[in-house]
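Participant: Take a look at the following structure, please.
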Amino acid sequence: MSKWKIPMYKVLVDDYDVIYSSRVIKRGMSWAIGPEIEEFESRLAKYVGTEYCIAFNSGTSAQHAALLALGIKQQHRVIVPSFTFISTANSVLMVNAKPVFADIEEESYGLDPVSVEKSITTNTKAIMPIHYAGGACKIDEIYDIAKRRHIPLIEDAAESLGAKTGKRMVGSYGEMAVFSFAGNKVLTTGEGGAIVTNSKKLYDKLKLIRSHGRQETENYFQSNLKPDYISVGYNWRMSSITAALGLSQFKKLGKMISMRQKNAKYLSSKLRDMGIAVPQENTFEHVYQLYSVRLKSKRLRDGLMNYLTKNGIMSKIYFEPVHKALLYRKLGYSKQKLPVTNKVSEQILSLPMYPTMKQSDLNLIVDTVGKFMKRN
Ligand SMILES: Cc1ncc(COP(=O)(O)O)c(C=O)c1O
């Protein structure tokens, strides 16, 4: 299936995944809007510590919905990082608003609070920081800025389910937080997403946005009552089979995070001595959705990536700056000054990271990186 000796990620699968999803399949009913959706939502809300959760079919549709729920539209600006997956900025374009890129800091690779504050104008209608790679950005400081300036905060926590700052869970700070359950995430359902919030008002809006603007009193597929349609909505619902996988994956979330942390600890203990900057976790508990290291130069980073590829070990650049993508160059962002984003993007490299890595996989990565670093 894979051309790689060690791919970037593999999913931890057990009998529960098969039992839970096949239970939905075998019942031959309610593959859509089944009870698993609400069960998954309440499991997730409880885990993060929020009142409400609403499941989506992807992190991207969840981001789009979050901005729609806040009423963000033309003329409005949303502060986002450029060091992120493209959908963070694209979701702002999807509602015809303007992404404003702030720079990042070098500890967590999240938005720099100083740059965020500088980027605020009267048209700023939301701040959407990301928690990078399973870590946590300087969310306490960004939360304070958002509160003081009365600007809604949406946490893009797509990569960081389970990460903690002090005693608080990532995803429990913002008006809303978005999670992704895409194939490479800490908890995956293949594709999927969710929003958590403490606001009943936002929750009600998000339900309408998710499902055709349909005001439902009963399960649409199980009821012959006539619902009314009260606003424009999409079909961004998660399927019941997907939610069942979410529930079975949840059963082992703690274990999967510990396995990632153990693997990361081992890699860091070896790579640190080779002149490679390993992920920092001084101020938060990292769940290592990615294991990203930093080399001293672009030349070294590109060289290491090529060497790993030749040796069958996948590595990948998370992330190239969004403002340098063709779409954003065409939109006039190419002259944007984001020195830290540019520098980090040139030096960062994500190595394979998943719960079921064998000791021999970890050793092969360490030995191969070691050989390259010795020669360079
Ligand atoms: C930071 C970030 N935001 C948003 C997303 C989008 O999530 P999805 O792929 O589920 O649409 C991802 C993941 O792919 C991501 O890493």
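The values are calculated or read from the model by the stated rules, or taken from the named source; none is laboratory data. Since the structure is predicted, the reported quantities are computational estimates derived from the model, not experimental observations. Counting neighbours? That spans all protein chains shown, and the Cβs are built from the backbone with ideal geometry, glycine included.
Participant: Answer yes or no: is there a residue in segment 326-347 that is among the hydrophobic types (A, V, I, L, M, F, W, C), in contact (Cβ under 8 Å) with a residue 40 or more places away in the chain, in contact with a strand residue (DSSP E or B) (Cβ under 7 Å, 6 or more places away or on another chain) and under 25 Å from residue 5 (Cβ atoms).
Facilitator: No - not one qualifying residue is present in segment 326-347.
Participant: If only one of 341, 283 is surrounded by fewer than 16 Cβ atoms within 10 Å (Cβ to Cβ) and β-branched (Val, Ile, Thr), which one is it?
Facilitator: 283
Participant: Among the residues of segment 350-376, write down those that are part of a helix (DSSP H, G or I) and among the hydroxyl-bearing types (Ser, Thr, Tyr).
Facilitator: Those that are part of a helix (DSSP H, G or I) and among the hydroxyl-bearing types (Ser, Thr, Tyr): 360, 368.
Participant: State all residues of segment 83-102 that are surrounded by 24 or more Cβ atoms within 10 Å (Cβ to Cβ) and part of a loop (DSSP other than H, G, I, E, B); if no residue qualifies, say none.
Facilitator: If the condition is that a residue be surrounded by 24 or more Cβ atoms within 10 Å (Cβ to Cβ) and part of a loop (DSSP other than H, G, I, E, B), then 83, 84 are the ones that fit.
Participant: Of the residues 271, 225, 245, only one is assigned to a helix (DSSP H, G or I) and under 30 Å from residue 210 (Cα atoms); which?
Facilitator: So the residue among 271, 225, 245 that is assigned to a helix (DSSP H, G or I) and under 30 Å from residue 210 (Cα atoms) is 245.
Participant: A further question follows. For residue 128, are the conditions met, namely being buried (at least 24 other Cβ atoms within 10 Å of the Cβ) and either small (Gly, Ala, Ser) or within 16 Å of the ligand (Cβ to nearest atom) (or both)?
Facilitator: yes
Participant: Which condition from (1) among the hydrophobic types (A, V, I, L, M, F, W, C); (2) surrounded by fewer than 20 Cβ atoms within 10 Å (Cβ to Cβ); (3) under 16 Å from the mean Cα position of the chain (by Cα) is the one that residue 80 breaks?
Facilitator: Against the list (1) among the hydrophobic types (A, V, I, L, M, F, W, C); (2) surrounded by fewer than 20 Cβ atoms within 10 Å (Cβ to Cβ); (3) under 16 Å from the mean Cα position of the chain (by Cα), residue 80 comes up short only on (2).
Participant: Then there is this: Given the residues 258, 334, which is the only one that is farther than 20 Å from residue 136 by Cβ and among the polar types (S, T, N, Q)?
Facilitator: Just one listed residue meets the conditions, 334.
Participant: Determine the pairs where a residue that is touching a residue at least 60 places away in the same chain (Cβ under 8 Å), located within segment 133-154, has a partner that is assigned to a helix (DSSP H, G or I) and aliphatic (A, V, I, L, M) with Cβ atoms under 6 Å apart, the partner being 6 or more residues away or on another chain.
Facilitator: Hits for this filter: 154/66.
Participant: For segment 15-66, which residues satisfy the criterion of being of a type in the set (A, V, I, L, M, F, W, C) and farther than 29 Å from residue 92 by Cα?
Facilitator: Those that are of a type in the set (A, V, I, L, M, F, W, C) and farther than 29 Å from residue 92 by Cα: 18, 19, 24, 25, 29, 31.
Participant: Scanning segment 103-125 for residues that are touching a residue at least 40 places away in the same chain (Cβ under 8 Å) and within 16 Å of the ligand (Cβ to nearest atom), which turns out surrounded by the fewest Cβ atoms within 10 Å (Cβ to Cβ)?
Facilitator: Among residues in segment 103-125 that are touching a residue at least 40 places away in the same chain (Cβ under 8 Å) and within 16 Å of the ligand (Cβ to nearest atom), the one surrounded by the fewest Cβ atoms within 10 Å (Cβ to Cβ) is 108.
Participant: Now for a separate question. Of all helices (runs of 4 or more DSSP H) completely enclosed by segment 278-349, which ones contain at least 3 residues that are more than 18 Å from residue 103 (Cβ to Cβ) and modelled with pLDDT of 95 or more?
Facilitator: 298-310, 326-330
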